[in-house]
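Trainee: I'd like to ask you about the structure that follows.
A short reminder: the numbers here are calculations on the coordinates, not readings from a lab. Since the structure is predicted, the reported quantities are computational estimates derived from the model, not experimental observations. Counting neighbours? That spans all protein chains shown, and the Cβs are built from the backbone with ideal geometry, glycine included.
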Amino acid sequence: MITWINATTHPPLGQLMCASLAALEAGKHFLLPMRGQAMRQYTMPSDQDPPKTTHFGFREVAETEKERLVGQVFSNVASKYDIMNDAMSAGVHRLWKDRFIRQLAPPPGTKLLDVAGGTGDIAMRFLNYCRNAHHDHTAHVHLVDINPEMVNVGRQRFHNTVYDLKSQVDLSVGNAEDLADIPSDSKDAYTIAFGIRNCTHVDRVVREAYRVLKPGGRFMCLEFSRVENPLIAPLYDLYSFEVIPAIGQVIASDRESYQYLVESIRRFPSQDQFADIIRGAGFSVVGKGYENLTFGIAAIHSGFKL
């Protein structure tokens, strides 16, 4: 809102000051005359300005609050995360992730950044692929997740494998929207699986992916998506909203977190909308830029930094 002061009538100074102070207190725009100059407009910040909001599932929350709420969800589910993935998808998520890595088809020596890498499912598959397909022991993965509990589960998991944490695997806590510790043009590939929908600013995540990739590097995202088949969609909705939260209650004693996860899927952009975000960040895509999996329950998105 703008508080206007008539520039032609030249009201008394006291009137100008009162009007300006009132505008200042309200955090509004106000005009002041400058000696020998035209009126100037000033803007003062207002404590009453509404905060920017975003979605947390079906709720609207302040942008500054979403990161804390998402962190709380994944702290709650970290210890049961892998078990719940199997239970919710009847193991199908394993097939999706296997296809995801086969599509990436990393050559020997690939340096991968796996963001929102959680308990290490994608990172482990990446290293296994390199070892089995190429007998490659030089490939390296840097797993980043914003949640320390998830990173700790991933670290414990790698301790029980043949992979040396010092030579082939690094794990760290970090924010997908601001990968300040990752140099620009430093990674051959970037993966994010079932994590980007939990981020406050999806476009920032994709732009950061573009920044850290080398020219010729590849961005790949595996994420839940939109089922458009009119016969399948109602059944999928019924399963999502009635069965998955109930499974969460039985296995993880946490219905609310899994209710959020289901809702977050519905709030994520459609396949075509997300493909547009990827292009908008500067990536080149082949064809429509994605492949649907299992009627569109999930989709693999891909882009190249050329």
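Trainee: So how long is each side of region 71-145 along the principal axes, counting just the alpha-carbon atoms, biggest first, in Å?
Mentor: Per principal axis, max minus min of the Cα coordinates gives 37, 25, 16 Å.
Trainee: Give me the number: length gained by fully extending GLN273 to ASN229, i.e. 0.36 nm times residue separation minus the C-alpha to C-alpha distance, one decimal in nm.
Mentor: 14.1 nm
Trainee: A follow-up question, please. At a Förster distance of 30 Å, what's the computed FRET efficiency of VAL286 paired with LYS111, Cβ-Cβ distance as r, to 0.05?
Mentor: Using R0 = 30 Å, I get an efficiency of 0.85.
Trainee: For SER79, SER184, SER264, which order do you get if you count the other beta carbons within 10 Å of each Cβ and list the fewest first? Walk me through the intermediate numbers first.
Mentor: Working: SER79 15, SER184 12, SER264 18.
By the 10 Å Cβ count, ascending, the order reads SER184, SER79, SER264.
Trainee: Summing Lys, Arg as +1 and Asp, Glu as -1, what charge do residues with Cβ under 12 Å from the Cβ of GLY154 carry, GLY154 excluded?
Mentor: With Lys, Arg at +1 and Asp, Glu at -1, the neighbours total -4.
Trainee: Translational diffusion coefficient, Stokes-Einstein: compute it for region 184-306 using the Kirkwood radius over C-alpha pairs as Rh, at 4 °C and 1.567 mPa s, and state it as an integer in µm² s⁻¹.
Mentor: After rounding, the answer is 84 µm²/s.
Trainee: For each of CYS199, CYS221, count neighbouring Cβ atoms within 10 Å of the residue's Cβ, then give the residues from fewest to most.
Mentor: Values: CYS199 22, CYS221 27.
Ascending number of Cβ neighbours within 10 Å: CYS199, CYS221.
Trainee: Give, as a single signed number, the net charge of other residues whose beta carbon lies under 12 Å from the beta carbon of GLY217, with Lys and Arg counted +1 and Asp and Glu -1.
Mentor: +4
Trainee: Around VAL173, under 12 Å between beta carbons, what's the net of Lys plus Arg minus Asp minus Glu among the other residues?
Mentor: Values: positive: ARG155; negative: ASP145, GLU149, ASP170, ASP181.
Taking every Cβ under 12 Å from that of VAL173, the sum is -3.
Trainee: For region 250-306, taking Cα atoms only, what is the radius of gyration to one decimal and the Dmax to the nearest whole Å?
Mentor: 14.9, 47
Trainee: Filter LYS66/LYS288; LYS52/LYS187; LYS214/LYS288 down to the pairs with a C-alpha to C-alpha distance above 28 Å, please.
Mentor: LYS66/LYS288; LYS52/LYS187
Trainee: Still on this structure: For LYS187, LYS66, LYS288, LYS214, which order do you get if you count the other beta carbons within 10 Å of each Cβ and list the fewest first? Display every interim value, and only then the final one.
Mentor: Working: LYS187 27, LYS66 19, LYS288 11, LYS214 14.
Least to most surrounded, the residues fall as LYS288, LYS214, LYS66, LYS187.
Trainee: In whole percent, what relative contact order does region 62-304 give with Cα contacts below 8 Å and a gap of six or more residues?
Mentor: Dividing the mean separation by the residue count of region 62-304 yields 19 percent.
Trainee: Restricting to DSSP loop positions (anything but H, G, I, E, B) with no more than 13 other Cβ atoms inside 10 Å of their own Cβ, which trypsin sites (Lys or Arg not before Pro) remain in region 139-181?
Mentor: Those that pass, being in a loop and sparsely packed, are LYS166.
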